[in-house]
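Working notes, structure below.
The values are calculated or read from the model by the stated rules, or taken from the named source; none is laboratory data. Quick caveat: nothing in here was measured; it's all calculated off a predicted structure. Because the Cβ atoms are built from the backbone with ideal geometry, glycine has one as well, and the counts that use them run over all protein chains shown. Note: areas computed on protein heavy atoms with side chains; ligands, DNA, RNA excluded. Shrake-Rupley method; radii C 1.70, N 1.55, O 1.52, S 1.80 Å.
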Amino acid sequence: MGILERYKKLNGEGSALSVVDRSEPYSKFGGRQEFHELMNHANGLGMKIIIDSISRVSSRHYSRKYKDNKIYIKDSNGLPVTCYGTDGRSLKYDDSLMLNYRKVETWNLLVEEIL
């Protein structure tokens, strides 16, 4: 999760969980081109790259490909609002939002991004 592209706040770095696009390596660490160079170099040495991923994305600056996969909950007035970063039982991270993994399309998108 530390090497995925994320939104940069005006005062510095965004949260590591505030990912803009899970398929895009973090530009500060060289972006897509340098990531592929790293993978090729590691493969040349007989090493494998392990990639970790997260299930959430930035709540304010996410790629539009996630728009139809967001989870909504009802507020105190019964109106739908975005479900932020957790299931609401512990901490609330308002800089990230939950995606709806009850939809096969959301799982397919995650797999596409990882591969």
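Of note:
- Label-reachable residues, segment 65-86, where backbone N falls under 11 Å from a point 7 Å from Lys103's Cα toward its Cβ: 65-72
- Inter-label distance, Met47 to Leu79: 5.2 nm, where each label sits 7 Å from its Cα along the C-beta direction.
- Globularity ratio of segment 16-60, using Cα Rg and 2.2 N^0.38 Å: 1.34
- Restraint check, Lys48/Lys103; Lys28/Lys48; Lys74/Lys103; Lys28/Lys67, Cα-Cα greater than 28 Å: Lys48/Lys103
- Rg/Rg_ref, segment 19-92, where Rg_ref = 2.2 N^0.38 Å and atoms are Cα: 1.55
- In terms of accessible area, using a 1.4 Å probe and ignoring ligands and nucleic acids, Arg32, Arg64 rank largest first as Arg64, Arg32.
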